[in-house]
Each structure stands twice: as C-alpha cells, then as structure tokens.
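The values are calculated or read from the model by the stated rules, or taken from the named source; none is laboratory data. Bear in mind the structure is a predicted one, so any value in this text is a computation, not a measurement. Reconstructed Cβ throughout: ideal geometry from the backbone, glycine too, with neighbour counts over all protein chains shown. Side chains included, ligands, DNA and RNA excluded: accessible areas come from the protein's heavy atoms. Shrake-Rupley method; radii C 1.70, N 1.55, O 1.52, S 1.80 Å.
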Amino acid sequence: TGIVGSVVNFVSVILYQAFMSTWRFRPALIFTIVIGSLAPMVDLVIVMRWNEAIGISDEVFFLLGNAIFENLVVILLAIPMSAIYAKVSPPGMESAVFAYVVGIGNFTGMFSGLVGSAIIEWSNMKTVGEDCDFSELPTIIVLFKILLPMLVGIPATFLIPNVLQTEPLIDWDKEKWCEEDVSTGNDGEHGESLMDPQISVGNEEDDGRIEPHLL
C-alpha cells in the first residue's frame, strides 16, 4: 500500500493542478470536504460486508479504498489548506506560522484520538476479548466520520474570502505590516519613530562616565 499510496499522491497533485487550481477557495474547500467526508464510506462498506456481496474481497477493497481513495482525498484537501496557510502568513513570519499550524495539528490529532476513545466507551462497543461487539460501529462511522465533518467544515469555509487561489487573502500593504510605529503628539505632529535603533531611550545625554557599580 505504501508504493500505491505514493503514486496516488503524485497523481493527486497533477489532478489538482489540472482541474482545481483555477477554482476559488470556497468551492475548492467545499468540494474537498465533501469528498473527504465520503472517504469513510470505504470502511462502512467493509464493516457491513457489502464488498463480499458484490464479489470483492476485503484485501482488494481495502487496497482500493485505503491506499487509493483516502490518499487521494487527503492530498486534495491538503493543497488548498496549505495555500491558505501561506497566504495568511505575515511577510517574514512564514516559518513561525508553519510551526504554529503543525503544533495545532498535532494537538487536534491527539485530542481527536481521545474523543474517539470516549465515543467508543459511550457506545458500549467491546473491541477486546472473546465477546467483541461492533454492532454500533456503522452508526459511529456515519455520524462522526461522514456527517460531522461536513456539518462543521462546510459552514467554516464561509470564513474564507471567496477569491481565486492565485489572489491574496490579505493586503499586507493596506494592513501596514512591518511599518514603523509612529507616535503622534497632542499637536498632531508626528514624533520620532519608536523603532529607530539610533534613538536614545533616556532623555539625558551619555557623558561617557563609568557607573560606580561597574568599576
């Protein structure tokens, strides 16, 4: 599955560049969220044994689903999200934003695992022992892996400006990013820049004397 997954990842990038790179952010995100939410249908088919009803073994269907379809939707969803991260990063702070995003991703991944364990406990499923019971697994897959991502993800896309993926999300010149902070006096005239390294912090001039505690 590793080799097949790597090939699918490469094909996914080509497909996105060929067909979806000219879309606006919002339709691209909605499309990938819907496709990504349908990916767990592969697990549902295996759990319900529908694949055997149509003559496909578990091994073959798992390969088609886990190695191909799921890798495809992961890359299709990651590309527009990575573009958004790059476009909302202030100039000169790209690495800091990337580190922040990775940290949030690691935290949410750990937290989702804990929530998943709590859901399994809440559903009274038994995953170990001789009396295993997975009767509630199809319901959990439909509710928490198919419906919930769409119910949360699709409304969240309306927080993203509906612009082309080649257009900026934030006008940093208009936001005056990295502009020197200029203080304004009561008379309306601009004072000296607070970011000028040559401005002395104190009001007294340095007379070159050595402080007693430094002797």
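Worth pointing out:
- What the Cβ-Cβ distance of residue 126 and residue 59 gives, at R0 = 25 Å and to the nearest 0.05, is a FRET efficiency of 0.50.
- Simple spin-label estimate for residue 152 and residue 176 in nanometres, 7 Å along Cα-Cβ: 3.8 nm
- Shape of segment 45-93, Cα gyration tensor, a/c cut at 1.5: prolate
- Solvent-accessible area, 1.4 Å probe, carbon plus sulfur percent, for segment 1-130: 72 percent
- For residue 84, net neighbour charge (Lys/Arg +1, Asp/Glu -1) across residues whose Cβ lies under 14 Å away: +1
- Extension gain, residue 84-residue 144: 0.36 nm per intervening residue step, less the Cα-Cα distance, totals 19.0 nm.
- Summed side-chain charge close to residue 144 - residues other than residue 144 whose Cβ falls under 15 Å, Lys, Arg +1, Asp, Glu -1: -2
- Global geometry of segment 55-126, whether rounded, prolate or oblate, following the gyration tensor of its Cα atoms and the 1.5 cut on a/c: oblate
- Selected from 79, 137, 93, residue furthest toward positive end of dipole (segment 74-183; charges at beta carbon): 137
- Cβ-Cβ FRET estimate between residue 4 and residue 117, R0 fixed at 35 Å, reported to 0.05: 0.75
- Note that segment 45-180 presents 68 Å² accessible area per residue, ligands and nucleic acids not counted, probe 1.4 Å.
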